[in-house]
Structure formats: structure tokens, C-alpha cells
Amino acid sequence: MPLPETPVGGCEGDAALVEVAWSSIRHGLRYGVPLEVRPFHFESPLQELRASFVTLRIGDKLRGCTGTLEAVRPLVVDVAENAFASAFRDPRFAPLAHDELATLDLHISILDSPERLAVDSEEELLRALRPGRDGLILEEGVRRATFLPAVWDQLPAPRDFVWHLKQKAGLTPDYWSPSLRLFRYAVREIEGGGLGDTQTARALS
């Protein structure tokens, strides 16, 4: 029998999002589908249409990262879906196994609305970027890729950041075209910790 559609725990705000994310992963391990969430069971800010990413790590290694760039569903639903997708549908990794759950760390990024960057060259783009702060979306025809602001930790030089994003989109590092569309966005970060953390463990009990 599936778990309840809304996790029990009485959490609000960020704690509720963390609870929902962990519950959706646990639900996925048991039933193979995301947790179904009824947005009206949560406070108003979590019912707003927002885009999010959920990042999973084991130690210092990425274990899954999936999200949305457009705000098309309530935030609490988006987090539940993306937590499940990061654990079980990221094509770079095998689906999460039961014995990995206890070692998993979870991180939620809530995206602001993207801002179009009116730049005519890569040099203008590099000057416009705010290292450590900006997420970046690159679009060229059907190709699309993004880096969250956290990627600046691995690629602190703006040129490296942009070149690797081009490669992620299937373009060459030196590619530039007038049809290239670029957007930046800020995020609000929520550290979900691991299941061993006291607050998270209590929320899921």
C-alpha cells in the first residue's frame, strides 16, 4: 500500500521541503514512483509555482542532480518530483540502492526567474557573469544546458565555466553564434543534510 500523499511531521518552510524530498526518495525505494504531494496541505509559499533542483551526494561525489528551469508546478511538488528523479532517473547513474540511503546527502536549490543576458560576444558574457552567484542557462536551437551556481566551486574561472557549459550542451568550447541565448539566475540554497542528521531524522520519523 502506498505511503500517505503528504508526509507527516508538521514541518514548515525549508524543513517541510527537506522532509518532502527525503520522503519522495524513500517512497521511490519502496514503490518505484515519486511521492504524490497535495500542495494545499502546505503553507502558501510552498504552493507557489517555482523551479528547483535537487542534488544528491555521497561524500564529495555527485550521486544525482535533476531539476526544472521553468516554474510550471507548485514548489513542494517540484521538489518531490526532482528528489525522486535525482535518485532514480539521472541517466549518469544507476538507480539509488537501499544500502546507499544512509550515506546520502541532499541539497535543494530554488531558482529565481531567469534573466536574459543581452551580450554580443563571449567577452561580454564573461564580464557580465558574477562568479559564485550566477547560474547560467545556454540555449542554441534544440540544445540546452545549465550550470547551477554551485558549479563555480569546481570551475571558478568564468571562461572555464562557460566553456564547460558549452560542452555540456554539445557545442565546442569556442562556439559562438548570434542565435545563442543566455540567461542567468540566482538560487536560494537549502542544505538537507543526510538521514543521520537529527533534524531530518526527526522529520521523517
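The values are calculated or read from the model by the stated rules, or taken from the named source; none is laboratory data. Predicted, not measured: the structure shown is a model, and the values here were computed from it. For neighbour counting, all protein chains shown are included, and Cβ atoms are generated from backbone atoms with ideal geometry for every residue, glycine included.
Asp120 satisfies every condition listed in (1) assigned to a loop (DSSP other than H, G, I, E, B); (2) touching a helix residue (DSSP H, G or I) at 6+ places or on another chain (Cβ under 8 Å) except (2). Applying the selection to region 62-85, what residues are over 14 Å from His107 (Cα atoms) and of a type in the set (Gly, Ala, Ser)? Across region 62-85, the qualifying residue is only Ala71. Answer yes or no as to whether Arg181 is outside the structural domain of Cys65 (by TED's automatic domain parsing), over 26 Å from Glu70 (Cβ atoms) and not hydrophobic (A, V, I, L, M, F, W, C). So Arg181 fails the test. The condition (being outside the structural domain of Arg57 (by TED's automatic domain parsing), surrounded by 19 or more Cβ atoms within 10 Å (Cβ to Cβ) and in contact with a His (Cβ under 9 Å, 6 or more places away or on another chain)) is satisfied by just one residue among Phe147, Phe84, Phe161: Phe147. Within region 164-191, if we keep just the residues that are among the charged types (D, E, K, R) and without any contact (Cβ under 8 Å) to a residue 60 or more places away in the chain, the residue that is surrounded by the most Cβ atoms within 10 Å (Cβ to Cβ) turns out to be Lys166.
Determine whether region 87-102 contains at least one residue that is under 20 Å from Ala186 (Cβ atoms) and surrounded by fewer than 13 Cβ atoms within 10 Å (Cβ to Cβ). Before you say what the answer is, go through the steps one by one.
Pass one, region 87-102, residues under 20 Å from Ala186 (Cβ atoms): none.
No: zero hits.
Among the residues of region 164-187, those identified as more than 26 Å from Val54 (Cβ to Cβ) and out of contact with any strand residue (DSSP E or B) (no Cβ under 6 Å at 6 or more places or on another chain) are Leu171, Thr172, Pro173, Asp174, Tyr175, Trp176, Ser177, Pro178, Ser179. The number of residues in region 13-27 that are free of Cβ contacts under 8 Å to residues at least 60 places away in the same chain and either closer than 12 Å to Val79 by Cα or surrounded by fewer than 16 Cβ atoms within 10 Å (Cβ to Cβ) (or both) comes to 1. Among the residues of region 73-117, count how many are in a strand (DSSP E or B) and either more than 20 Å from Leu138 (Cβ to Cβ) or aromatic (Phe, Trp, Tyr) (or both). Final tally of qualifying residues: 7. For region 28-72, a residue qualifies if it is in a helix (DSSP H, G or I), in contact (Cβ under 8 Å) with a residue 12 or more places away in the chain and among the hydroxyl-bearing types (Ser, Thr, Tyr), and exactly one does: Tyr31. Taking first residues from region 102-125 that are at positive phi and partners that are surrounded by 13 or more Cβ atoms within 10 Å (Cβ to Cβ) and assigned to a loop (DSSP other than H, G, I, E, B), no Cβ contact under 7 Å between residues at least 6 apart in sequence or on separate chains turns up.
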